[in-house]
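As structure tokens, the structure follows; a few thoughts come after it.
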Amino acid sequence: MKYEFTRIEKKWQRKWEEEKTFAAVPDEGKKKFYGLIEFPYPSGDGLHVGHPRPYTAMDIISRKRRMEGYNVLFPIGFDAFGLPTENYAIKNKVHPADVTKKNIARFTDQLKMLGYSFDWDRVVDTTDPAYYKWTQWIFLKLFEKGLAYKASMPVNWCTSCKCVLANEEVVSGVCERCGSDVVRREKSQWMLKITEYAERLLDDLDDLDFIERVKTQQRNWIGRSIGAEIIFDTTLGDKLRVFSTRPDTLFGATYMVVSPEHELVEKWLPQLSNADEVEEYRSAAAKKSDFERTELSKEKTGVELRGVRAINPATKQEIPVFISDYVLASYGTGAIMAVPGHDTRDWEFAKKFGLPIVEVVSGGDVEKEAYTDCDTGILVNSGFLNGMSVEEAIKAMSQWLTENGLGRETVNYKLRDWVFSRQRYWGEPIPIVICPTCGYVPLPEDQLPLELPYVEYYETTDTGESPLAAMTDWVETTCPTCGGPAKRETDIMPQWAGSSWYFLRYADPHNDTELASRKALEYWMPVDWYNGGMEHTTLHLLYSRFWHKFLYDIGVVQTKEPYLKRTSHGMILGEDGQKMSKSRGNVINPNDVVAEFGADTLRLYIMFIGDFEKTAPWSANAVKGCKRFLDRIWNLAEKRVSGSEEYSAANEVVIHRSIKKVSEDIENMKFNTAIAQLMTLVNAYYETAPSRGDIKVLLTLLSPFAPHIAEELWEIQGFGGMACKTPWPEYDEAKMVEQQREIAVQVGGKLRTTVFIPNDAADDVMLQAALADEKIKKIVEGKEIVRTITVKNKLINLIVR
RNA sequence: GCCGGUGUGUCGGAAUUGGUAGACGACCGCGACUCAAAAUCGCGUGCUGUAAUGGCGUGUGGGUUCGAUUCCCACCACCGGCACCA
């Protein structure tokens, strides 16, 4: 009989669905495992071959865990709010809700086609009011605790999406999603105070089992700098505060720089003799995009504020104050003390404007370049700091500043608050009412969910207003506090809102009184293993850690961190080694692969393609190799093999080795070598007559990778039950060794031949065996063996003279 | 510029407490089966050489070692992240 993969796959998928084979049922008596993959955005293009890579990986791990006796939660859902759906809906004049419904149905079919062991009773959909009710509820809690606030500030505005973006969504000056230019716009926005959690988000990374590059990227993004805030007096009476990581260099501060947006500039302006020039520089800076302003190659520019001078608290000298756009308004205090001798940027600026450069740390030549080494320099020209190392001087200066009320040690983060509103339609409405007398009033909990109005017209505007603003009936409301006429907030939440807590909902997806019951959360949380893309490291992954910590603080969840372990997969490229894209015409559709070779072949190939963490190009030929492998297994087991369920003597060694290798490789996500080992095992079976037991262990090991064919052959063999419910096999180290060992024989470190010796042979046995070899005899003839190096069961090396 | 990663046959990739480089798969070649082809099964396959105790070979150049893809030093190339963050 032929291997009819289509029939077999349909048959088992139906069976798993009918029997609810993979439903997660809480069971206090069983150890739990919560495996998570990033739920997909149900785009109109359907499933991409990139999707099955992480899904298959976690499916293999989840299936193995079940066979090991764990109670497994492996859920799936849809992150369905977002721009592409909205844009598609506008273009094709259909409602986003209808588009979403259709896309979800299609994704569901495709995911089922691949035989994943998801619990289909726990599907979540972020656009379902029963779900986003709780997204809104979390927002209200954030508002209640002062962590959601509205503020007017310059924000990133995507010229194409026509809405604001978070800092995390701006990549190299363009929109992360559409690649269009991002400009600065002053807008009143809802913000979430993620900065309040900066320290914990950073420190708590230490204990997590996240791959190192994820930790590094989050650490860099949060960007902690330890330094001091220093207060300078000015001749106009105002105090000018700066942040510096090098307070030790205070004696070398020969001028100050404030950002063009600094509030004191506005105040000082009338008293400046060159107010026009300053004003001109400020407006020029305001027009520039962030990208232009931060271009590195650019020469430093700036204008001195004539009419005000600052007083260096260490030297008591009056020093000039400049404005320059190399100082950012949004970091630290928006002002710096410039130490040209020991900071590269200040040095460039000082050279250009002819400002004095004073050496306060010896070790370099400050006339040639800034000396920034902190490890070897010694303080000079610095009063009480003279002779100290940089490290000592930082401490001494911080103490001196504190004692004299001139400043204090402080910490700064690069992380900014999260811009949380979007001027679009297809997202969660923000449950806030704007009342002329009461201000921003939260919607009472019993009015949740605040449903998105179902309307015909929701096109974007260029005015910076949300399409919801035009929906008068919905906007006009009454104030929950005073009962007077009021308006609803018309901005919606960003794409990232729904995904910031979805993993909690999986624990108890149908609960309508809580986001999830305490009992369910206590049982299933935290997520034991979360695999997802590197592109989410400073977006979804960071945001969801923030929300989780907040929910921990208000007692909703019991763990400080949502995910114990985080791994990441590489991208699948087209056959040409380029990123898959419609325009390049190198896109592989999983449906086509499944139709031609079957889901088991696709699963196997996508795991065999290469190192899981690295990008890998698609190869149509290699897919055929995986199909061939399954055909070979089919040939071995399509007819019932009778006899004992013991391993055959001929295959015992390779079986035990395979169990060990496959078990360990799955844990380390080395799926490619696990499959290579299964191929080796099958090759061995082709050279012997595999016993019934040999077949059984092969199907058991195969079942997480290629579950359909494994079940079918399992049934044909009549092993009873299902392969996916069989206990994972154990191996015996003692049975992994051959009685005869082939060892390398080297002379002078060069491999000359190999000989067979008994297992664990003593050194002299190895030597005798080596010397008995004809080749070796010839080589050592007439020479003296001065030294012998042996490595048990591996090699012998003869040093001759 | 800074941080991180990678570099191995024709290709995807194996192998690192230093110990037979190239597992497994693809490609290609040969053989069996077949009237024939496909499929399948088996064999071969780093480069080079007529041969040899051949020679060379894991980005490049050095070093340590009986022995280096693995450790050390210097460099090159590519990829990713950050990028005037004081």
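The values are calculated or read from the model by the stated rules, or taken from the named source; none is laboratory data. Please read these numbers as outputs of a predicted model, since none were measured by experiment. No Cβ is skipped: glycine too gets one built from the backbone with ideal geometry, and neighbour counts run over all protein chains shown. Ligands, DNA and RNA are excluded from the accessible area calculation, which covers all protein heavy atoms including side chains. Shrake-Rupley method; radii C 1.70, N 1.55, O 1.52, S 1.80 Å.
Would you be able to tell me the number of residues in segment A:694-753 that are more than 30 Å from A:Val786 (Cβ to Cβ), open to solvent by 10 Å² or more (accessible area, probe 1.4 Å) and assigned to a loop (DSSP other than H, G, I, E, B)?
Of the residues in that region, 15 qualify.
When the residues of segment A:215-243 are filtered to those that are more than 8 Å from RNA strand B (Cβ to nearest atom) and hydrophobic (A, V, I, L, M, F, W, C), which remaining residue is nearest to the chain's Cα centre (by Cα)?
A:Ile222
Report the residue count in segment A:585-621 for those that are open to solvent by 30 Å² or more (accessible area, probe 1.4 Å) and away from RNA strand B (no atom under 13 Å from the Cβ).
Summing the residues that are open to solvent by 30 Å² or more (accessible area, probe 1.4 Å) and away from RNA strand B (no atom under 13 Å from the Cβ) in segment A:585-621 gives 8.
A quick yes/no check of all residues on (1) open to solvent by 30 Å² or more (accessible area, probe 1.4 Å); (2) touching an Asp or Glu at 6+ places or on another chain (Cβ under 8 Å):
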residue	(1), (2)
A:Gly498	no, yes
A:Trp501	no, no
A:His536	yes, yes
A:Tyr552	yes, no
A:Val557	no, no
A:His569	yes, yes
A:Gly574	no, no
A:Gln578	yes, no
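Which of the residues spanning segment A:314-369 are hydrophobic (A, V, I, L, M, F, W, C) and within 11 Å of RNA strand B (Cβ to nearest atom)?
Scanning segment A:314-369 gives A:Val327, A:Leu328, A:Ala329, A:Ala335, A:Ile336, A:Met337, A:Ala338, A:Val339, A:Trp347, A:Phe349.
For A:Glu279, indicate whether it is open to solvent by 70 Å² or more (accessible area, probe 1.4 Å), at pLDDT below 95 and not hydrophobic (A, V, I, L, M, F, W, C).
Considered against the rule, which asks whether it is open to solvent by 70 Å² or more (accessible area, probe 1.4 Å), at pLDDT below 95 and not hydrophobic (A, V, I, L, M, F, W, C), A:Glu279 comes out as yes.
Answer with yes or no whether A:Gln717 is touching a residue at least 12 places away in the same chain (Cβ under 8 Å) and either touching a Ser or Thr at 6+ places or on another chain (Cβ under 9 Å) or within 15 Å of RNA strand B (Cβ to nearest atom) (or both).
So A:Gln717 fails the test.
Can you find even one residue in segment A:301-313 that is at pLDDT 95 or above and assigned to a loop (DSSP other than H, G, I, E, B)?
yes
Out of all the residues in segment A:1-53, which are of a type outside the set (D, E, K, R), more than 21 Å from the chain's Cα centre (by Cα) and in a loop (DSSP other than H, G, I, E, B)?
A:Met1, A:Tyr3, A:Thr21, A:Phe22, A:Ala23, A:Ala24, A:Val25, A:Pro26, A:Gly29, A:Gly44, A:Gly46
Please work out which one of (1) within 16 Å of RNA strand B (Cβ to nearest atom); (2) within 18 Å of A:Phe210 (Cβ to Cβ) is the condition A:Leu564 fails and give its number.
(1)
Name the pairs whose Cβ atoms lie under 6 Å apart, with the first residue in segment A:741-753 and within 20 Å of A:Val653 (Cβ to Cβ), the second aromatic (Phe, Trp, Tyr) and more than 7 Å from RNA strand B (Cβ to nearest atom), and 6 or more positions between them or separate chains?
Pairs found: A:Glu742/A:Phe756.
Looking at A:Asp207, A:Asp203, which one is farther than 30 Å from A:Val170 by Cβ and more than 9 Å from RNA strand B (Cβ to nearest atom)?
None of the others qualify; the one that does is A:Asp207.
Step by step: first the residues of segment A:168-193, then only those that are open to solvent by 50 Å² or more (accessible area, probe 1.4 Å) and not in a strand (DSSP E or B), then the one that is nearest to RNA strand B (Cβ to nearest atom). Which residue is that?
Only one residue tops the list, namely A:Ser172.
Quick one: which residue in A:Lys660, A:Lys624 is near RNA strand B (Cβ under 8 Å from one of its atoms) and either under 33 Å from the mean Cα position of the chain (by Cα) or open to solvent by 60 Å² or more (accessible area, probe 1.4 Å) (or both)?
When all the criteria are applied, what remains is A:Lys624.
Evaluate the following for A:Lys395: is it under 30 Å from A:Glu489 (Cβ atoms) and surrounded by fewer than 17 Cβ atoms within 10 Å (Cβ to Cβ)?
In short, no.
For the subset of segment A:784-798 comprising residues that are within 9 Å of RNA strand B (Cβ to nearest atom), touching a residue at least 12 places away in the same chain (Cβ under 8 Å) and open to solvent by 50 Å² or more (accessible area, probe 1.4 Å), which member is nearest to the chain's Cα centre (by Cα)?
Looking at the filtered set, the residue picked out is A:Lys794.
Considering segment A:395-434 alone, what residues qualify as being under 21 Å from A:Thr538 (Cβ atoms) and within 16 Å of RNA strand B (Cβ to nearest atom)?
A:Val411, A:Asn412, A:Tyr413, A:Lys414, A:Leu415, A:Arg416, A:Asp417, A:Trp418, A:Val419
Going by the structure shown, is A:Thr333 in contact (Cβ under 8 Å) with a residue 12 or more places away in the chain and under 37 Å from the mean Cα position of the chain (by Cα)?
yes
Can you tell me how many residues within segment A:1-25 are β-branched (Val, Ile, Thr) and exposed (fewer than 15 other Cβ atoms within 10 Å of the Cβ)?
Number satisfying all stated conditions: 2.
Looking only at residues that are open to solvent by 80 Å² or more (accessible area, probe 1.4 Å) and more than 9 Å from RNA strand B (Cβ to nearest atom) in segment A:627-642, which one is farthest from the chain's Cα centre (by Cα)?
Here the answer is A:Ser642.
Only one of these conditions is not met by A:Glu263: (1) open to solvent by 30 Å² or more (accessible area, probe 1.4 Å); (2) more than 16 Å from RNA strand B (Cβ to nearest atom). Which number is it?
(2)
Restricting to segment A:463-487, and then to whatever is farther than 20 Å from A:Val99 by Cβ and under 33 Å from the mean Cα position of the chain (by Cα), can you tell me which residue is most open to solvent (accessible area, probe 1.4 Å)?
A:Glu465
Identify, from the list A:Pro449, A:Pro436, the residue that is touching a residue at least 24 places away in the same chain (Cβ under 8 Å) and more than 30 Å from A:Tyr197 (Cα to Cα).
A:Pro436
Contact list please: Cβ distance under 9 Å, first residue in segment A:609-621 and among the polar types (S, T, N, Q) and part of a strand (DSSP E or B), second residue within 6 Å of RNA strand B (Cβ to nearest atom) and open to solvent by 50 Å² or more (accessible area, probe 1.4 Å), pairs at least six apart or on different chains.
Here the result reads none, with nothing in segment A:609-621 linked to a residue that is within 6 Å of RNA strand B (Cβ to nearest atom) and open to solvent by 50 Å² or more (accessible area, probe 1.4 Å).
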